[in-house]
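Heads up: the structure comes next, in structure tokens.
Values quoted throughout were computed directly from the atomic coordinates according to the rules given, and no laboratory measurement underlies them. On a predicted model such as this, the values are computed, not experimentally measured, just so you know. Neighbour counts are summed over all protein chains in view; Cβ atoms, including those assigned to glycine, are modelled from backbone coordinates with ideal geometry.
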Amino acid sequence: MTGVRAALVQTAWTGDQESMIVAHENYARQAAAQGAQIVCFQELFYGPYFCQVQDPKYYSYAESIPGPTTERFAALAAELGIVMVLPMYEEDQPGILYNTAAVVDADGRYLGKYRKTHIPQVQGFYEKFYFRPGNLGYPVFQTAVGPIGVYICYDRHFPEGWRALGLNGAQIVFNPSATHRGLSSYLWKLEQPAAAVANEFYVGAINRVGVEAEYGDNDFYGTSYFVDPQGAFVGEPADPFSPELLVRDLDLNLLAEVRNRWAFYRDRRPDAYGDITRA
């Protein structure tokens, strides 16, 4: 495959889970109608971002993966012939909860999941109250559009996982996020292009929009985008305030071109990096 038409969804909280799911079903249909072959939704896509407060009532958003939402979208993926990345709140067993993304292939097959590895506990992001750190490593999923990986929100601040996904063969890595104005906004258009360059793959960065005042000072700034392995945005980033379906064509031939020009994987020195893992 020499090219992939890929889509990202950034949207605002509708106020309840069912209408949020229906909205994303509609976005998936719109993406497929525009020729998209893969679509990724935002972090915890069917609910609010509740991590600015610490309240066990929000555990109710968690469900098994695979489970009812995965199965609902798997049927839609098969109907539309589109790969889907579904970031959700996972209940592995009672009291064991993860921030997870399920991956469903274009024929509706459930391919597996990634669990967010790095869990923040800083002002406005009290995620350790809700999620255990992921324990599934950095899987790369062999989809109808090629090998893809997932890294979730706060993960993006840690270069090691990006590199692991590259070493595992990812050509596109999606980073679904819920990032609000203030703390990390200055990093949004810096870190992920740098990761794309360093690891020589495409990155799809997704962020919410809108204000979720009920759950804290949540004012999300959107600006979702794709960036290529040269660090260039593929088209313009999405709007900072409005819901948007972003559809872009990704030239996979560029991957080999860049990797032949910059032999980062050839020249890395894992024998010299041992102290990093022991620090």
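Listed values, structure above:
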quantity: Proximal charge balance of Thr2 [Cβ under 13 Å; K/R count +1, D/E count -1]; calculated: -2
quantity: Sparse-neighbourhood loop sites, trypsin sites (Lys or Arg not before Pro) in the range 127-175 - DSSP loop, at most 10 other Cβ within 10 angstrom; calculated: none
quantity: Gyration tensor verdict on the range 205-277 (Cα atoms; rounded if a/c is under 1.5, prolate if a/b is larger than b/c, oblate otherwise); calculated: oblate
quantity: Stokes-Einstein D (µm²/s) once Rh is taken as the Kirkwood radius of the range 72-226 over alpha-carbon pairs, at 4 °C in 1.567 mPa s; calculated: 80 µm²/s
quantity: Neighbour net charge for Gly15 - beta-carbon separation under 11 angstrom, K R +1, D E -1; calculated: -4
quantity: Helix-derived mean residue ellipticity, 222 nm - over the chain, DSSP H n ≥ 4, -39500 (n - 2.57), to 500; calculated: -7000 deg cm²/dmol
quantity: Antiparallel DSSP beta bridges within the chain, percent to nearest 5; calculated: 70 percent
quantity: Size-normalised alpha-carbon gyration radius of the range 41-100, reference 2.2 N^0.38 Å; calculated: 1.21
quantity: The range 196-243: projected area of the alpha-carbon convex hull, averaged over directions, in nm²; calculated: 3.9 nm²
quantity: Gyration tensor over alpha-carbon atoms, the chain, equivalent ellipsoid semi-axes in Å; calculated: 27, 22, 19
quantity: Net charge, Lys116 excluded, C-beta distance under 9 Å - Lys, Arg +1, Asp, Glu -1; calculated: -2
quantity: Gain in span if fully extended, Gln121 to Ser19, counting 0.36 nm per residue against the direct Cα distance; calculated: 33.8 nm
quantity: Distance between modelled label sites at Glu214 and His157, nm, 7 Å Cα→Cβ extension; calculated: 2.8 nm
quantity: Footprinting exposure proxy for Arg109, Arg248 (fewest neighbouring C-beta atoms within 10 Å first); calculated: Arg109, Arg248
quantity: Ranked list, fewest to most other Cβ atoms within 10 Å of each Cβ, for Asp267, Asp107; calculated: Asp267, Asp107
quantity: Span-rule helices in the chain, defined as complete DSSP H runs reaching 20 Å or more along the axis (Cα) with Kyte mean at least -0.5; calculated: 17-33
